[in-house]
Amino acid sequence: MENIRQTVIRMDEALYKLLKVKARKENRSLNSLMVTILERGVGVELPRLDLADYQPDESILSLGVLLGRASQDKESLDDRAKYILDK
């Protein structure tokens, strides 16, 4: 899970309303819009995975099956594998 920090900011009411209008026009949340604007402002735009368009290749699917089995029968794994699954 991502590390998400909640914060409170103060801004002019007019700016807040402009942001709300822009978010509505782009069919997104105010939070999503503000995070994107802040990322661009500091020159870091974090990649976002759109799960609707994601098609994992066979090696990823195989790894998922393997990890699923391993996590169900974790007691039979060696210490290194247990450590990895616990992270």
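Taken together, the values in this text are just the output of simple stated rules run on the coordinates, not laboratory data. It should be emphasised that the depicted structure is a prediction, and the values quoted were computed from it without experimental measurement.
For the range 18-28, the Karplus equation 6.51 cos²θ - 1.76 cosθ + 1.60, evaluated at θ = phi - 60°, returns couplings of 4, 5, 4, 5, 4, 4, 4, 4, 8, 6, 9 Hz by residue, with Gly and Pro reported as x.
For the range 1-48, what D do you get in µm² per second when you plug the Kirkwood radius from alpha-carbon pairs into Stokes-Einstein at 20 °C and 1.002 mPa s?
179 µm²/s
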